[in-house]
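As structure tokens, the structure follows; a few thoughts come after it.
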Amino acid sequence: MNITILAIESSCDDTSAAVIQNGLILSNIIANQSVHQEYGGVVPELASRSHQQNIVPVVEKALKQAGVSKQDITAVAFTRGPGLLGSLLVGTSFAKGFALAHQCKLIEVNHLHAHVLASFIQTPTERIAEPQFPFLSLLVSGGHTQIIIAHSYTNMEIIGTTIDDAAGEAFDKCAKVLGLPYPGGPHIDNHAQKGNPLAYSFNKPSIPDFDFSFSGLKTSVLYFLRDQIKQNPDFISQNIDDICASVQKTIIDILMQKLHAAVKHTGIREIAIGGGVAANSGLRNAIAEFGKKYGYNTYIPERKYTTDNAAMIAITAYHKYLAQDFASQDISPRARYSLQEYFGKI
Ligand code: KG4
Ligand code: ZN
């Protein structure tokens, strides 16, 4: 019998649905929400309203593109958390209703677990090399920055985390200071490709072990710009490429320094990245070069699987299905949902 799973992701401002059959992704539809741009950040009420409008058409499109009917679905999976509660509620309620109506299994997925497993996404047409367990995952998103040891599909251990802002937040906050639109990460990335990363230097934090700190960077960029603008009011517009390249280099250096330390400490030579910031060109190059230089195997998911998407929820749900790990109808979403809680370690 085929294992056919419909997966839903609605943790923040993207509504996404994917279909996976016997471990291969057949469709992955994403509806982005542009309503937030004029506010400079995600507005939770608008996000949940957009999810409500998008979820039915997005699911219909995912089923159609996959060429499967609702009756073919053996399980429906959804992101339970972490994320915005109102947004999560839309995906959770939809999945619970779908499971009831079509008498299929229900699978809850932690959003961070899914970002880590994005390196295992395969489609019928493009096969990629998969990490071997145990592997190290650098998880860098808008809300999280962690170094994780993945012992197996369903057993993971966090060895480093940010003590304040996430790497994606650092990109977005620095972009805001520079007057770039939200989310700023991709804009910094674009400008950085045309700029000199050594043009300016910003202080890096000294935090012990494998933990990160990014809150100082925004302040340091802010003070730097204030001083420069005093001398030249057009400093930002005249030097935007170099500023972006230098900010991006600082963020990447902070990430790579900790990743290097974690690789040395654990002796693990398999390295994967995941999360929205893993779409960054500079970080992707840095990881690939790091692997080449030291002989490590690196796994960099396609860009569309790094930012929020339901394909990563689907591959995670597939492995939970194989482990017969199902949820019941009384489940509710969780705005805060650490991997430790999820894996039952606390
Ligand atoms: O994983 P994600 O889509 O959502 C969360 O789970 O948070 O990550 C979103 C974050 C945002 O901060 C966004 O600016 C950042 O990923 N991002 C990037 C790039 N694309 C997305 N940051 C740097 N360079 C990019 N190309
Ligand atoms: Zn995410």
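The values are calculated or read from the model by the stated rules, or taken from the named source; none is laboratory data. For clarity, every value in this text was computed on a predicted model and none was experimentally measured. Neighbour counts are summed over all protein chains in view; Cβ atoms, including those assigned to glycine, are modelled from backbone coordinates with ideal geometry. With ligands, DNA and RNA removed, areas are computed over all heavy atoms of the protein, side chains included. Shrake-Rupley method; radii C 1.70, N 1.55, O 1.52, S 1.80 Å.
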For the chain, find the longest principal axis of its Cα atoms and tell me its angle to the long axis of helix 310-322, 0 to 90°, nearest 10. 50 degrees
MET156's amide H: which non-local residues (gap 5+, or another chain) put their own amide H closer than 5 Å, with H modeled 1.01 Å from N in plane and none for Pro or chain starts? HIS151
Once the Cα atoms of helix 167-177 and of the chain are each reduced to a long axis, what angle between those two axes, in degrees from 0 to 90 to the nearest 10, is obtained? 50 degrees
Please list, in chain and number order, the residues 5+ apart from ALA272 or on another chain whose amide H is under 5 Å from its amide H, with Hs placed from the backbone. LEU136, SER137, LEU138, TYR299
Given ILE128, ASN203, PHE343, which one lies farthest toward the positive end of the charge dipole of the chain, if we put +1 on the Cβ of every Lys and Arg and -1 on the Cβ of every Asp and Glu? ILE128
Relative contact order (percent, whole number), the chain, Cα cutoff 8 Å, 6+ residue spacing: 24 percent
I'd like the antiparallel share, as a percent to the nearest 5, of DSSP beta bridges with both residues in the chain. 60 percent
Return the equivalent ellipsoid semi-axes of the stretch 1-109 as a descending list in whole Å, where each equals the square root of 5 times an eigenvalue of the C-alpha gyration tensor. 25, 14, 11
Descending accessible area (1.4 Å probe), largest on the left, turns LEU322, LEU6 into LEU322, LEU6
Hey, which of these cross-link pairs are over 21 Å Cα-Cα: LYS194/LYS249; LYS105/LYS320; LYS173/LYS304; LYS96/LYS320; LYS194/LYS258? LYS173/LYS304; LYS194/LYS258
Among ILE273, ALA323, ILE313, whose Cα sits farthest toward the positive end of the charge dipole of the stretch 232-329 (+1 at Cβ of Lys/Arg, -1 at Cβ of Asp/Glu, about the Cα centre)? ALA323
Excluding ligands, DNA and RNA, what is the solvent-accessible area per residue of the stretch 135-300 at a probe of 1.4 Å, expressed in Å²? 44 Å²
If ligands, DNA and RNA are left out, what is the accessible area of THR298 with a 1.4 Å probe, given in Å² to the nearest 10? 40 Å²
What are the ³J(HN,Hα) values, in whole Hz, obtained from phi via the Karplus relation 6.51 cos²θ - 1.76 cosθ + 1.60 with θ = phi - 60°, for each residue of the stretch 73-84 in sequence order, with x given for Gly and Pro? 6, 8, 8, 10, 10, 8, 7, 8, x, x, x, 7
Can you say what percent of the DSSP beta bridges in the stretch 135-300, counting only those with both residues inside, are antiparallel? Round to 5. 60 percent
Added length on full extension, which subtracts the Cα-Cα distance from 0.36 nm per residue, ASN232 to ASN196: 11.0 nm
Any idea what the dipole of the chain comes to, in debye rounded to 20, about its Cα centre with Lys/Arg Cβ at +1 and Asp/Glu Cβ at -1? 280 debye
³J(HN,Hα), Karplus 6.51/-1.76/1.60, whole Hz, each residue of the stretch 189-202, x for Gly, Pro: 4, 4, 5, 4, 5, 9, x, 9, x, 9, 4, 9, 10, 10
If you count only protein heavy atoms and use a 1.4 Å probe, how large is the accessible surface of PHE343, to the nearest 10 Å²? 40 Å²
In whole angstrom, note down how far apart the Cα centers of the stretch 23-58 and the stretch 147-225 are. 24 Å
Size-normalised alpha-carbon gyration radius of the chain, reference 2.2 N^0.38 Å: 1.00
Cα axis of helix 44-66 to longest principal axis of the chain: angle in degrees, 0 to 90, nearest 10? 60 degrees
Please compute one quarter of the surface area of the Cα convex hull for the stretch 135-300 and express it in square nanometres. 9.3 nm²
Based on the Cβ-Cβ distance from ILE331 to TYR223, what FRET efficiency comes out when R0 is 45 Å, to the nearest 0.05? 0.45
Apportionment of accessible area to carbon and sulfur, the stretch 135-300, percent (1.4 Å): 48 percent
Rounded to the nearest 0.05, what FRET efficiency is calculated for ASN297 and GLN122 with R0 set to 22 Å and r the Cβ-Cβ distance? 0.85
